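Down below is the structure, laid out as structure tokens.
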Amino acid sequence: MRWIAGWMIALAGAAAAVGAPQSALTLPASEKAASTEPAHKLVLRDGDVLACIGDSITNQRLYTLFMEDYLLMCKPAAGVRMVTLGTNGQTAPGFLQQESFDALKFQPTVATVMFGMNDGAYGALTREHAAAYAAGERGIITRLRQGGVRAIVLASPSCVDPATYKEGPEGAATYNRTLERLAAEAREAASATGVRFADVHAVFAQAMQKAKGLYGPQLDVAGADGIHPGNNGQMAIAYTMLKALGCDGDLGTITMDLDSGAASASPGHQVLSSGKGMVELSSTRYPFCFMGDAAESSGTVAVPGYLRFNEDLNRLMLVVKHAGTGKVRVTWGDTRKEFAGPALEKGINLAAEFIPGPFNEQFFKVEGLIRQKESDEEHWYHTDMRKSIGDAGKVLADEEQRAQDVAAAIVPVRTRIVVERE
């Protein structure tokens, strides 16, 4: 009971200072966490360079991997390039003093910034630490703007996990209160400087509670050490960042008419052929794909059960006209499912209903190239870029080549949809 009490205190505290209603943390586990931030217009423009800046959680290159997957394959904007600039143990004032100029060598036009986990010094927050963090956050915004960064998303820190944090549930409750206060400082800094705010802290806290409610309190969401999330927790960070960047999740609509056999598709998807109850497509805009074991922190397949990822960011819709009022079978790839006719008339989300789906193989092939690119970036950022300004040109040329290699791998995927009335 002591463990449960500590966990609930930690999670309840996570939302208190950032405006999330207390009831949001006591919903049944089957309900899904909602973003605490209002929708934004897309800040990304075609050809932008996005720098993801942060500490060791950023340097894990997991939430950044999922973001890059999304930006390149789901394509909210065309030709976006991304570079991950995370440093183990870093703080907001430390980055401002030591690394901000190095980050600007990559010539970013947009940046996300997430510090705070180390800024609280893993204990009760002191005025000195709070003031240093606030000053560092504001200083980073100023420095990035001076370096030509057009748009900035300032993110609050994530949470520690009561199940695995080394100080136990009570220590987790204490440090989550510290992180909650730092989240409030980040929100205030974002408001005062006119940049966007990503409330990673509140979204992560809700997702962690719901995931543990579904798969047990011992499931780690903030990682085996209670600090560095596995893929499940990293998805909560990626979701919050993408929402703050203004991604709206509209990946396209395929429309079929069961009576006439006509079919149409929105940009990113081309109708190759169609007939009564069938359409063949070629798509250059992929839905986001999930993988792994639902009950393991290394998996992402369970994420739609406790995060509104599909609803908010991953909508590839199928609309079937004249579907009727009875049951209708839909086959997409190797999977067949049954739906009510009125639901198909309104539209179903193929990305949510077909997991795994026919894009999985190509999606994860591209993800492998992105993973290698991000690994190379770690070496460039922490080694080559430190040697001399003369190395920056080669690093940037290598970065451009890697980005081109990834873009070339995003080839059209052909799929077939078959719709049959019972």
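Which of these, N231, N118, N314, has the largest mean-square fluctuation under a Gaussian network model of the chain (Cα springs below 10 Å)?
The residue that fluctuates most here is N118.
Amide H of A51 versus every other amide H placed in the peptide plane: which residues, excluding those fewer than 5 positions away on the same chain, fall under 5 Å?
So A51 has HN proximity to V83, T109, V110, A111, T112.
Grab the other residues whose beta carbon is less than 15 angstrom from that of V113, score K and R as +1, D and E as -1, and report the net.
It works out to a net charge of -2.
Identify all lysines with a Cα-Cα distance to K321 below 17 Å; exclude those on the same chain that are fewer than 8 residues away in sequence.
Of all the lysines, those that pass the test against K321 - Cα under 17 Å, at least 8 places apart if same chain - are K276, K346.
Which distance in nm do the two modelled labels at R336 and D259 give, with both placed 7 Å along the Cα-to-Cβ direction?
Using points 7 Å along Cα→Cβ, the separation is 2.6 nm.
Could you size up the charge dipole of region 160-226 around its Cα centre, putting +1 on the beta carbon of Lys and Arg and -1 on that of Asp and Glu, and report it in debye to the nearest 20?
Here region 160-226 has a charge dipole of around 200 debye.
Setting aside same-chain residues fewer than 8 positions from K41, which aspartates and glutamates have a Cα under 15 Å from its Cα?
Within reach: D248, D250, D312.
Could you tell me which of the pairs K105/K394; K243/K373; K210/K243 are separated by over 18 angstrom between their Cα atoms in the structure shown?
Violating the 18 Å Cα-Cα cut-off are K243/K373; K210/K243.
Please report, in debye to the nearest 20, how large the charge dipole of region 200-337 is about its Cα centre when each Lys and Arg carries +1 at its beta carbon and each Asp and Glu carries -1 there.
Magnitude of the dipole: close to 400 debye.
Would you pull out the residues with amide H under 5 Å of G277's amide H, same chain only if 5 or more places away, H placed 1.01 Å from N?
Distant-sequence amide H within range of G277: G261.
Go through A294, L242, N232 and say which Cα lies farthest out towards the positive end of the charge dipole of region 213-325; charges sit on Cβ, +1 for Lys and Arg, -1 for Asp and Glu.
Checked the options; the winner is L242.
How large is the dipole of the chain about the Cα centre if only Lys and Arg carry +1 and Asp and Glu carry -1, each at its Cβ, rounded to the nearest 20 debye?
In total the dipole reaches around 680 debye.
Residues of region 195-242: accessible area per residue at 1.4 Å, in Å²?
19 Å²
Residues of region 31-146: accessible area per residue at 1.4 Å, in Å²?
36 Å²
Summarise the accessible area of region 162-255 (1.4 Å probe, protein heavy atoms) by the percent that is carbon and sulfur.
45 percent
May I ask you to list the aspartates and glutamates whose Cα is less than 13 Å away from that of K327, ignoring any residue fewer than eight positions away on the same chain?
Within reach: E338, E345, E420, E422.
The values are calculated or read from the model by the stated rules, or taken from the named source; none is laboratory data. Quick caveat: nothing in here was measured; it's all calculated off a predicted structure. As a convention, Cβ positions derive from the backbone with ideal geometry for all residues, glycine included, and neighbour counts pool all protein chains shown. When the accessible area is computed, the model is the full protein with side chains, heavy atoms only, and any ligands, DNA or RNA have been set aside. Shrake-Rupley method; radii C 1.70, N 1.55, O 1.52, S 1.80 Å.
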